[in-house]
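Visitor: Dropping the structure in here first, questions after.
The values are calculated or read from the model by the stated rules, or taken from the named source; none is laboratory data. All values reported here derive from a predicted model rather than from experimental measurement. Methodologically, a virtual Cβ is constructed for each residue, glycine included, from the backbone with ideal geometry; neighbour enumeration extends over all protein chains shown. Side chains are part of the model used for accessible areas, which takes the heavy atoms of the whole protein and leaves out ligands, DNA and RNA. Shrake-Rupley method; radii C 1.70, N 1.55, O 1.52, S 1.80 Å.
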Amino acid sequence: MYKGNEGQWAFFLHRLSGIAILLYLILHTVSISSVLLGESAYGAIHEIYKLLIFRLGLIAVAGAVAYHSFNGLRIVIMDFTGWGVKYQRQLWYASLFFAGIVIVAALAYNIPRILGGE
Amino acid sequence: MAIKARSFKDARSQAKSNPELAWWVFMRLSGTALVVLTLFHIFKNYIFVDEASWDYEKIASSYADWWNKLYLLALLGLGLMHGANGMRYIIDDATAKNRVARFWAKAIVNTLIGAVFVFGILALVVKIPIPGVDTP
(Lines give C-alpha, C1' and ligand atoms only; values in the text may rest on other atoms or scores of the structure.)
Protein backbone atom coordinates (compact mmCIF):
# COMPACT_ATOMS: atom_id res chain seq x y z
CA MET A 1 0.00 0.00 0.00
CA TYR A 2 2.81 2.40 0.97
CA LYS A 3 5.55 0.90 -1.27
CA GLY A 4 8.09 0.80 1.57
CA ASN A 5 8.02 4.53 2.18
CA GLU A 6 7.10 6.64 5.22
CA GLY A 7 3.79 4.85 5.72
CA GLN A 8 5.54 1.53 6.26
CA TRP A 9 7.80 3.06 8.91
CA ALA A 10 4.76 4.67 10.54
CA PHE A 11 3.03 1.27 10.68
CA PHE A 12 6.12 -0.58 11.96
CA LEU A 13 6.89 2.00 14.66
CA HIS A 14 3.22 2.06 15.69
CA ARG A 15 3.28 -1.68 16.38
CA LEU A 16 6.70 -1.61 18.04
CA SER A 17 5.76 1.30 20.32
CA GLY A 18 2.40 -0.38 21.03
CA ILE A 19 4.08 -3.56 22.30
CA ALA A 20 6.56 -1.51 24.36
CA ILE A 21 3.76 0.56 25.93
CA LEU A 22 1.69 -2.53 26.81
CA LEU A 23 4.71 -4.15 28.47
CA TYR A 24 5.38 -0.95 30.39
CA LEU A 25 1.71 -0.62 31.39
CA ILE A 26 1.79 -4.16 32.82
CA LEU A 27 5.03 -3.52 34.74
CA HIS A 28 3.81 -0.10 35.92
CA THR A 29 0.41 -1.40 37.12
CA VAL A 30 1.97 -4.30 39.02
CA SER A 31 4.65 -2.05 40.58
CA ILE A 32 2.28 0.72 41.67
CA SER A 33 -0.38 -1.75 42.86
CA SER A 34 2.21 -3.27 45.19
CA VAL A 35 1.03 -0.58 47.67
CA LEU A 36 -1.49 -3.34 48.49
CA LEU A 37 1.36 -5.39 49.96
CA GLY A 38 2.51 -2.64 52.30
CA GLU A 39 5.20 -0.01 52.58
CA SER A 40 8.25 -2.30 52.68
CA ALA A 41 7.23 -4.30 49.59
CA TYR A 42 6.50 -1.08 47.67
CA GLY A 43 9.83 0.40 48.78
CA ALA A 44 11.81 -2.73 47.85
CA ILE A 45 10.34 -2.81 44.32
CA HIS A 46 10.87 0.91 43.73
CA GLU A 47 14.48 0.75 44.95
CA ILE A 48 15.23 -1.11 41.67
CA TYR A 49 13.85 1.75 39.58
CA LYS A 50 16.51 4.14 40.88
CA LEU A 51 18.96 2.39 38.52
CA LEU A 52 20.04 4.58 35.61
CA ILE A 53 18.69 2.17 32.97
CA PHE A 54 15.16 2.48 34.40
CA ARG A 55 15.33 6.26 34.69
CA LEU A 56 16.45 6.56 31.06
CA GLY A 57 13.92 3.88 30.07
CA LEU A 58 11.13 6.05 31.46
CA ILE A 59 12.09 8.83 29.03
CA ALA A 60 11.95 6.26 26.21
CA VAL A 61 8.48 5.14 27.37
CA ALA A 62 7.27 8.76 27.36
CA GLY A 63 8.61 9.06 23.81
CA ALA A 64 6.95 5.82 22.72
CA VAL A 65 3.60 6.98 24.16
CA ALA A 66 3.94 10.36 22.43
CA TYR A 67 4.72 8.74 19.06
CA HIS A 68 1.92 6.16 19.41
CA SER A 69 -0.52 8.94 20.43
CA PHE A 70 0.18 11.31 17.56
CA ASN A 71 0.51 8.59 14.93
CA GLY A 72 -2.74 7.14 16.30
CA LEU A 73 -4.43 10.49 15.69
CA ARG A 74 -2.99 10.36 12.15
CA ILE A 75 -4.70 6.98 11.67
CA VAL A 76 -8.01 8.39 12.99
CA ILE A 77 -7.71 11.35 10.60
CA MET A 78 -6.99 9.02 7.66
CA ASP A 79 -9.96 6.82 8.55
CA PHE A 80 -12.56 9.48 9.25
CA THR A 81 -11.76 12.36 6.88
CA GLY A 82 -11.80 12.47 3.11
CA TRP A 83 -8.37 14.12 2.86
CA GLY A 84 -6.30 12.20 5.44
CA VAL A 85 -4.93 9.44 3.18
CA LYS A 86 -3.81 11.99 0.57
CA TYR A 87 -1.68 13.78 3.17
CA GLN A 88 -0.62 10.70 5.19
CA ARG A 89 3.08 11.43 4.60
CA GLN A 90 2.83 15.03 5.81
CA LEU A 91 0.68 13.88 8.75
CA TRP A 92 3.39 11.39 9.71
CA TYR A 93 6.04 14.12 9.80
CA ALA A 94 3.62 16.20 11.89
CA SER A 95 3.20 13.33 14.37
CA LEU A 96 6.99 12.93 14.56
CA PHE A 97 7.27 16.67 15.24
CA PHE A 98 4.73 16.62 18.10
CA ALA A 99 6.28 13.44 19.56
CA GLY A 100 9.64 15.23 19.37
CA ILE A 101 8.28 18.10 21.48
CA VAL A 102 7.21 15.65 24.23
CA ILE A 103 10.58 13.87 24.09
CA VAL A 104 12.47 17.17 24.36
CA ALA A 105 10.30 18.14 27.37
CA ALA A 106 10.94 14.77 29.04
CA LEU A 107 14.69 15.12 28.43
CA ALA A 108 14.79 18.75 29.58
CA TYR A 109 13.08 17.95 32.90
CA ASN A 110 14.67 14.57 33.61
CA ILE A 111 18.29 14.74 32.50
CA PRO A 112 19.11 17.45 35.12
CA ARG A 113 17.37 15.30 37.80
CA ILE A 114 19.38 12.24 36.80
CA LEU A 115 22.66 14.19 36.64
CA GLY A 116 21.79 15.78 39.99
CA GLY A 117 21.98 12.30 41.42
CA GLU A 118 18.64 12.47 43.23
CA MET B 1 -7.62 -10.99 10.56
CA ALA B 2 -7.41 -7.35 11.37
CA ILE B 3 -9.27 -4.89 9.23
CA LYS B 4 -6.94 -3.01 6.87
CA ALA B 5 -9.36 -0.23 5.95
CA ARG B 6 -8.82 3.45 5.34
CA SER B 7 -12.37 4.61 6.13
CA PHE B 8 -15.36 3.50 8.17
CA LYS B 9 -17.11 2.46 4.92
CA ASP B 10 -14.15 0.25 3.95
CA ALA B 11 -13.99 -1.16 7.47
CA ARG B 12 -17.66 -2.09 7.37
CA SER B 13 -17.27 -3.91 4.07
CA GLN B 14 -14.09 -5.71 5.20
CA ALA B 15 -15.23 -6.72 8.67
CA LYS B 16 -15.89 -10.44 8.84
CA SER B 17 -18.12 -10.00 11.88
CA ASN B 18 -19.88 -7.36 13.93
CA PRO B 19 -17.43 -7.74 16.87
CA GLU B 20 -14.52 -7.15 14.46
CA LEU B 21 -16.10 -3.89 13.30
CA ALA B 22 -16.88 -2.93 16.91
CA TRP B 23 -13.20 -3.45 17.85
CA TRP B 24 -12.15 -1.32 14.87
CA VAL B 25 -14.37 1.51 16.12
CA PHE B 26 -13.27 0.92 19.75
CA MET B 27 -9.57 1.25 18.85
CA ARG B 28 -10.20 4.67 17.32
CA LEU B 29 -12.49 5.98 20.07
CA SER B 30 -10.42 4.62 23.00
CA GLY B 31 -7.22 5.68 21.25
CA THR B 32 -8.41 9.27 20.95
CA ALA B 33 -9.46 9.31 24.62
CA LEU B 34 -6.17 7.69 25.67
CA VAL B 35 -4.12 10.37 23.87
CA VAL B 36 -5.55 12.97 26.26
CA LEU B 37 -5.67 10.76 29.38
CA THR B 38 -2.16 9.31 28.99
CA LEU B 39 -0.28 12.44 27.95
CA PHE B 40 -1.86 14.43 30.82
CA HIS B 41 -0.98 11.60 33.23
CA ILE B 42 2.64 11.53 32.01
CA PHE B 43 3.15 15.30 32.23
CA LYS B 44 1.42 15.66 35.61
CA ASN B 45 3.01 12.68 37.37
CA TYR B 46 6.34 12.23 35.61
CA ILE B 47 7.70 15.04 33.44
CA PHE B 48 6.78 17.89 35.83
CA VAL B 49 7.44 15.78 38.95
CA ASP B 50 10.47 13.70 39.90
CA GLU B 51 9.40 10.04 39.65
CA ALA B 52 11.54 9.24 42.73
CA SER B 53 9.14 11.39 44.80
CA TRP B 54 6.41 8.73 44.41
CA ASP B 55 6.98 6.93 47.71
CA TYR B 56 4.40 4.76 49.50
CA GLU B 57 2.90 7.68 51.42
CA LYS B 58 2.38 9.83 48.30
CA ILE B 59 0.77 6.91 46.43
CA ALA B 60 -1.52 6.12 49.39
CA SER B 61 -2.60 9.79 49.62
CA SER B 62 -3.28 10.05 45.88
CA TYR B 63 -5.27 6.79 45.99
CA ALA B 64 -7.54 8.30 48.66
CA ASP B 65 -8.84 10.82 46.09
CA TRP B 66 -11.96 9.49 44.35
CA TRP B 67 -11.52 11.59 41.19
CA ASN B 68 -7.99 10.24 40.88
CA LYS B 69 -9.30 6.69 41.37
CA LEU B 70 -11.81 7.22 38.56
CA TYR B 71 -9.11 8.69 36.30
CA LEU B 72 -6.75 5.76 36.93
CA LEU B 73 -9.59 3.27 36.44
CA ALA B 74 -10.32 4.80 33.01
CA LEU B 75 -6.61 4.72 32.11
CA LEU B 76 -6.20 1.13 33.25
CA GLY B 77 -9.39 -0.22 31.66
CA LEU B 78 -9.11 1.59 28.33
CA GLY B 79 -5.33 1.10 28.17
CA LEU B 80 -5.41 -2.64 28.81
CA MET B 81 -8.35 -3.22 26.43
CA HIS B 82 -6.66 -1.15 23.71
CA GLY B 83 -3.42 -3.04 24.34
CA ALA B 84 -5.11 -6.46 24.42
CA ASN B 85 -6.83 -5.87 21.10
CA GLY B 86 -3.65 -4.42 19.60
CA MET B 87 -1.78 -7.56 20.62
CA ARG B 88 -4.57 -9.65 19.05
CA TYR B 89 -3.94 -7.89 15.69
CA ILE B 90 -0.19 -8.50 16.02
CA ILE B 91 -0.60 -12.17 17.04
CA ASP B 92 -3.06 -12.78 14.17
CA ASP B 93 -0.55 -11.36 11.68
CA ALA B 94 2.44 -13.20 13.20
CA THR B 95 0.74 -16.61 13.45
CA ALA B 96 -1.14 -16.65 10.15
CA LYS B 97 0.17 -20.17 9.41
CA ASN B 98 0.23 -21.62 12.89
CA ARG B 99 -3.11 -22.15 14.64
CA VAL B 100 -1.55 -23.75 17.74
CA ALA B 101 0.90 -20.89 18.29
CA ARG B 102 -1.97 -18.44 17.78
CA PHE B 103 -4.09 -20.12 20.45
CA TRP B 104 -1.31 -20.22 23.05
CA ALA B 105 -0.03 -16.71 22.32
CA LYS B 106 -3.53 -15.32 22.83
CA ALA B 107 -4.15 -17.46 25.90
CA ILE B 108 -0.93 -16.29 27.59
CA VAL B 109 -1.30 -12.61 26.66
CA ASN B 110 -4.96 -12.38 27.66
CA THR B 111 -4.44 -14.25 30.95
CA LEU B 112 -1.57 -11.92 31.84
CA ILE B 113 -3.57 -8.81 30.94
CA GLY B 114 -6.60 -10.12 32.89
CA ALA B 115 -4.48 -10.79 35.98
CA VAL B 116 -2.87 -7.33 35.81
CA PHE B 117 -6.33 -5.76 35.43
CA VAL B 118 -7.61 -7.54 38.56
CA PHE B 119 -4.51 -6.55 40.58
CA GLY B 120 -4.77 -2.93 39.40
CA ILE B 121 -8.49 -2.74 40.24
CA LEU B 122 -7.81 -4.26 43.69
CA ALA B 123 -5.29 -1.52 44.48
CA LEU B 124 -7.91 1.08 43.53
CA VAL B 125 -10.75 -0.55 45.49
CA VAL B 126 -8.96 -1.63 48.69
CA LYS B 127 -8.28 1.22 51.09
CA ILE B 128 -4.53 1.92 51.30
CA PRO B 129 -3.67 3.16 54.83
CA ILE B 130 -1.85 6.51 54.77
CA PRO B 131 1.09 6.56 57.24
CA GLY B 132 0.53 9.17 59.94
CA VAL B 133 -3.17 9.52 59.07
CA ASP B 134 -4.68 6.02 59.11
CA THR B 135 -1.76 4.38 60.91
CA PRO B 136 0.46 5.86 63.63
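Visitor: Please give the per residue accessible area of region B:11-136, computed with a probe of 1.4 Å over protein heavy atoms only, in Å².
Guide: Per-residue value: 56 Å².
Visitor: What nm value, rounded to one decimal, do you get for the distance between B:F8 and B:I108 when each label is placed 7 Å out toward the C-beta?
Guide: Rounded to a tenth, the inter-label distance reads 3.8 nm.
Visitor: Right, another one. State to the nearest 20 debye the size of the charge dipole of region B:8-125 about its Cα centre, where the only charges are +1 on K and R beta carbons and -1 on D and E beta carbons. Each step should come with its number before you reach the end.
Guide: Values: 12 positive and 9 negative charges, 149 e Å.
Here region B:8-125 has a charge dipole of around 720 debye.
Visitor: Would you work out which of A:V61, A:F80, A:L13 lies farthest towards the positive end of the dipole of chain A, given +1 charges on the beta-carbon of Lys and Arg and -1 on that of Asp and Glu, about the Cα centre?
Guide: A:F80
Visitor: Let me ask something else about it. Among B:K4/B:K97; B:K69/B:K106; B:K9/B:K106; B:K16/B:K97; A:K86/B:K9; A:K50/B:K106, which pairs are too far apart, with a Cα-Cα distance over 27 Å?
Guide: Numbers: B:K4/B:K97 19 Å; B:K69/B:K106 29 Å; B:K9/B:K106 29 Å; B:K16/B:K97 19 Å; A:K86/B:K9 17 Å; A:K50/B:K106 33 Å.
Cα-Cα > 27 Å for B:K69/B:K106; B:K9/B:K106; A:K50/B:K106; rest within.
Visitor: Related question: Quote the FRET efficiency, to the nearest 0.05, computed for A:Y87 versus B:A64 with a Förster distance R0 of 30 Å and r equal to the Cβ-Cβ distance.
Guide: The calculated FRET efficiency here is 0.05.
Visitor: What is the mean number of Cβ atoms from other protein chains located within 10 Å of the Cβ atom of each residue in peptide B:42-54, rounded to a whole number?
Guide: Going residue by residue through B:42-54 and averaging, the value is 5.
Visitor: Average partner chain C-beta neighbours within 10 Å, per residue of A:14-22?
Guide: 4
Visitor: Determine, from the Cβ-Cβ distance of B:N98 and B:A33 and an R0 of 51 Å, the FRET efficiency 1/(1 + (r/R0)^6), rounded to the nearest 0.05.
Guide: About 0.90, to the nearest 0.05.
Visitor: Per residue of A:71-81, what is the mean number of Cβ atoms on other protein chains within 10 angstrom of that residue's Cβ?
Guide: Counting Cβ atoms of other protein chains within 10 Å of each residue's Cβ and averaging gives 4.
Visitor: Calculated FRET efficiency, B:A74 and B:A22, Cβ-Cβ r, R0 22 Å, to nearest 0.05? Don't skip to the end; give the middle numbers.
Guide: Working: r = 19 Å, r/R0 = 0.87.
Here the calculated transfer efficiency is 0.70.
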